Amino acid sequence: MWPCIPPPAGRVLAQGYNRGQMPYAPATPDDVRHMLGVIGVDSIDELYADVPEAARPTRELDLPLGVREGQLMARSRELADANIDLSRAVSFLGAGCYDHFVPAVCRAITSRSEFATAYTPYQPELSQGTLQTIYEFQSSIAALAGLPIANASLYDGATAAAEATYLAEQATGRSEIVVLATVSPHVRSVLTTYARTYGMNMRIADFDAALGTVPVATVAALVGERTAGVLIQQPNAFGQLEDAPALVELATAAGAVPIVHADPLSLGVLEAPGAYGAGVVIGDGQPLGIAPTFGGPSFGFMAVQERFLRRMPGRVVGATVDVDGARGYVLTFQTREQHIRREKATSNICTNQALCALTGLTYLSWLGPQGITELGASLFGRADRTARRLADIPGVRIAHPGPAFRELLVELPAGVDAAAIVERCAERDVLIGWPARNGWPELGIHTLLVAATEQRVDADIELLGAELERALAEEAGA
């Protein structure tokens with residue numbers, strides 16, 4: 001198999017094809033010999049002379065021969081059909097990525113060429129449309145968070161959390177961050193990686209297993225004069241409500257930055273974190289019109305108190321007027337250090353997830369203030385309906401007594417492996433949840449995190465209960 005590389009420029013037209021129409025064509029043996037001669041070696045093997053002998057392949061690669069396009073498409077469809085597609089499966093998966101309804105308007109807007117192909121909006125005179133959508137996105141996030149300013153988006157909720165803790169470290173000059181154990185394990189994993197690189201010490205505040213929340217007293221015991229920030233997730237990863245106002249007050253009194261990782265859909269029914277004193281509000285935008293798609297892409301959002309404006313990572317778009325008095329939009333408050341002098345930068349983030357953020361803006365515009373309130377309330381209702389159905393199954397227990405937002409922790413009978421139950425149900429196209437021990441090993445093998453979005457109607461919840469009962473019986477028999 002010869003490498004697919006361009007033939008020498010002088011031979012393109014002689015071989016009967018135009019470089020503009022076919023920029024890359026398989027190299028012939030003569031092409032390969034010509035290139036080796038120019039380089040000054042006798043064989044392709046000489047190019048890998050520095051690779052140790054033990055690391056080199058000893059046989060030909062076991063690759064199939066080429067096939068016709070029609071055969072290739074048929075094989076591709078066959079492989080794709082092996083996936084569990086949410087158009088045919090019923091999903092109660094959550095743990096940070098959810099099967100919410102995606103209205104057609106989201107794809108209609110983001111697939112428009114002026115947005116789908118737009119490049120970095122450095123030149124405002126050429127980028128007013130993109131800049132306006134970012135500005136309106138920032139305005140929407142700031143309104144939800146209850147804070148005066150938001151940035152143009154970040155990569156996802158986990159990196160937004162990492163950036164928020166770095167902001168807290170820089171703003172306070174302190175070296176510790178207190179993280180509640182009820183923060184998503186995926187977020188905590190990314191925080192661990194970031195903290196290692198910039199010397200931040202993470203202190204984890206354990207949760208009360210009976211309540212599924214972290215007591216304020218537990219956090220108070222960890223907060224001190226070296227605490228840069230306190231990270232709270234609201235609602236938390238178990239769907240439970242932390243005493244966020246009290247935790248924010250505690251962090252503020254200690255001189256630390258209170259950081260709230262908020263679910264955007266909850267902010268139609270819960271008080272905006274900025275209203276009870278949060279210094280930074282972050283979150284993941286996946287619930288706002290973005291399909292799960294194997295876990296990404298998504299976008300992160302960040303809103304801050306005005307005192308943190310110049311420490312906020314990424315882009316900020318501002319509104320202004322031109323010489324004629326017409327409204328216009330420009331990038332602002334972005335230091336050149338983020339591009340060319342990284343050692344002096346407040347962050348290494350200098351871009352944003354523009355197309356995903358536009359999806360979020362479109363979704364919020366479609367939903368509206370009344371819609372987000374109704375949807376938030378329905379997510380409490382779906383979790384309650386799911387909890388009542390599962391609690392009817394012998395040996396199954398709902399771990400926490402409080403009202404749950406979309407997600408709840410379920411305890412299966414002692415000794416039952418939740419992962420095995422998940423696999424049994426997946427074979428019948430019912431994705432019943434996520435084994436909680438993946439994120440909290442102390443919870444044991446029998447715990448399951450179950451999420452019910454507005455997509456899960458009563459018939460789906462009944463199917464979940466029936467399939468779980470059936471899988472438990474099969475596991476007991478096995």
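The values are calculated or read from the model by the stated rules, or taken from the named source; none is laboratory data. Predicted model, so just to flag it, every value in this text is computed and none were measured. Note: ideal-geometry Cβ built from the backbone for every residue, glycine included; neighbour counts use all protein chains shown.
Can you name the residue in region 220-246 that is assigned to a loop (DSSP other than H, G, I, E, B) and more than 26 Å from the chain's Cα centre (by Cα) and is also nearest to GLU411 (Cα to Cα) among such residues? Explain how you work it out, then say what you get.
Start the filter on region 220-246 by keeping residues that are assigned to a loop (DSSP other than H, G, I, E, B), which leaves 223-226, 235-243.
Applying the additional criterion that residues be more than 26 Å from the chain's Cα centre (by Cα) yields 223-226.
Details: VAL223: 32, GLY224: 36, GLU225: 39, ARG226: 38 Å.
This residue is VAL223.
If you filter region 419-438 down to residues that are charged (D, E, K, R) and either in contact with a helix residue (DSSP H, G or I) (Cβ under 7 Å, 6 or more places away or on another chain) or without any contact (Cβ under 8 Å) to a residue 12 or more places away in the chain (or both), you find that the one that is farthest from ARG456 (Cα to Cα) is ARG437. Restricting region 317-335 to residues that are over 15 Å from ALA354 (Cβ atoms) and touching a helix residue (DSSP H, G or I) at 6+ places or on another chain (Cβ under 7 Å), the residue that is surrounded by the most Cβ atoms within 10 Å (Cβ to Cβ) is VAL330.
Out of curiosity, is THR293 without any contact (Cβ under 8 Å) to a residue 12 or more places away in the chain and either surrounded by 24 or more Cβ atoms within 10 Å (Cβ to Cβ) or under 20 Å from GLN132 (Cβ atoms) (or both)? Let's see the steps before the verdict.
On the way: without any contact (Cβ under 8 Å) to a residue 12 or more places away in the chain: yes; either surrounded by 24 or more Cβ atoms within 10 Å (Cβ to Cβ) or under 20 Å from GLN132 (Cβ atoms) (or both): no.
Against the criterion (without any contact (Cβ under 8 Å) to a residue 12 or more places away in the chain and either surrounded by 24 or more Cβ atoms within 10 Å (Cβ to Cβ) or under 20 Å from GLN132 (Cβ atoms) (or both)), THR293 does not qualify.
Would you confirm whether any residue within region 117-128 is touching a helix residue (DSSP H, G or I) at 6+ places or on another chain (Cβ under 8 Å), polar (S, T, N, Q), in contact (Cβ under 8 Å) with a residue 12 or more places away in the chain and in the same structural domain as VAL280 (by TED's automatic domain parsing)?
First pass over region 117-128, keeping only residues touching a helix residue (DSSP H, G or I) at 6+ places or on another chain (Cβ under 8 Å): 118, 121, 124.
Filter once more, so that each one left must be polar (S, T, N, Q): none.
Checked region 117-128: no residue is touching a helix residue (DSSP H, G or I) at 6+ places or on another chain (Cβ under 8 Å), polar (S, T, N, Q), in contact (Cβ under 8 Å) with a residue 12 or more places away in the chain and in the same structural domain as VAL280 (by TED's automatic domain parsing).
Restricting region 401-413 to residues that are in contact (Cβ under 8 Å) with a residue 60 or more places away in the chain and buried (at least 20 other Cβ atoms within 10 Å of the Cβ), the residue that is nearest to HIS100 (Cα to Cα) is ARG406.
To keep it simple, each residue is scored yes or no on (1) within 19 Å of GLY295 (Cα to Cα); (2) part of a helix (DSSP H, G or I); (3) out of contact with any helix residue (DSSP H, G or I) (no Cβ under 6 Å at 6 or more places or on another chain).
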{"site": "LEU63", "(1), (2), (3)": "no, no, yes"}
{"site": "GLY66", "(1), (2), (3)": "no, no, yes"}
{"site": "GLN71", "(1), (2), (3)": "no, yes, yes"}
{"site": "ARG75", "(1), (2), (3)": "no, yes, yes"}
{"site": "ALA82", "(1), (2), (3)": "yes, no, yes"}
{"site": "ASP85", "(1), (2), (3)": "yes, no, yes"}
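In region 272-298, of all residues being hydroxyl-bearing (Ser, Thr, Tyr) and within 12 Å of the chain's Cα centre (by Cα), the one that is farthest from GLY229 (Cα to Cα) corresponds to THR293.
Considering (1) in a helix (DSSP H, G or I); (2) at pLDDT below 95; (3) hydroxyl-bearing (Ser, Thr, Tyr), the lone condition that THR133 does not fulfil carries the number (2). Are any residues in region 242-271 surrounded by fewer than 19 Cβ atoms within 10 Å (Cβ to Cβ) and among the hydroxyl-bearing types (Ser, Thr, Tyr), and if so, which ones? Listed by number, the list holds a single entry, THR252.
Against the condition closer than 26 Å to VAL280 by Cα and touching a residue at least 12 places away in the same chain (Cβ under 8 Å), how does THR133 come out, does it pass? Can you show your working first?
Working: closer than 26 Å to VAL280 by Cα: yes; touching a residue at least 12 places away in the same chain (Cβ under 8 Å): yes.
Judged against the criteria, THR133 is a match.
If you go through region 211-246 and keep only what is closer than 23 Å to ILE398 by Cα and among the hydroxyl-bearing types (Ser, Thr, Tyr), you end up with just THR213. For region 209-231, the set of residues classified as β-branched (Val, Ile, Thr) and in contact with a strand residue (DSSP E or B) (Cβ under 7 Å, 6 or more places away or on another chain) consists of VAL214, THR218, VAL219, VAL223, THR227, VAL230, listed by residue number.
Note on region 296-316: among residues that are touching a strand residue (DSSP E or B) at 6+ places or on another chain (Cβ under 7 Å) and charged (D, E, K, R), the one that is surrounded by the most Cβ atoms within 10 Å (Cβ to Cβ) is ARG315.
What do you reckon, is GLU242 farther than 28 Å from LEU93 by Cβ and among the charged types (D, E, K, R)? Let's see the steps before the verdict.
Values: farther than 28 Å from LEU93 by Cβ: no; among the charged types (D, E, K, R): yes.
The answer is no for GLU242.
Does GLN234 count as assigned by TED's automatic domain parsing to the domain that holds PHE299, modelled with pLDDT under 95, of a type outside the set (A, V, I, L, M, F, W, C) and touching a strand residue (DSSP E or B) at 6+ places or on another chain (Cβ under 9 Å)? So GLN234 fails the test.
Can you pull out every residue in region 26-50 that is assigned to a helix (DSSP H, G or I) and either basic (Lys, Arg) or closer than 21 Å to GLY66 by Cβ (or both)?
In the first step, residues of region 26-50 are kept if they are assigned to a helix (DSSP H, G or I); the result is 29-39, 44-48.
Residues satisfying the conditions are PRO29, ASP30, ASP31, VAL32, ARG33, ILE44.
Among residues of region 192-203 that are among the basic types (Lys, Arg), those with a Cβ under 7 angstrom from a residue that is part of a helix (DSSP H, G or I), sequence gap 6+ or separate chain, pair up as ARG203/LEU222.
Entry remark, region 92-116: residues being of a type in the set (S, T, N, Q) and in contact with a Lys or Arg (Cβ under 8 Å, 6 or more places away or on another chain) number 0 in total.
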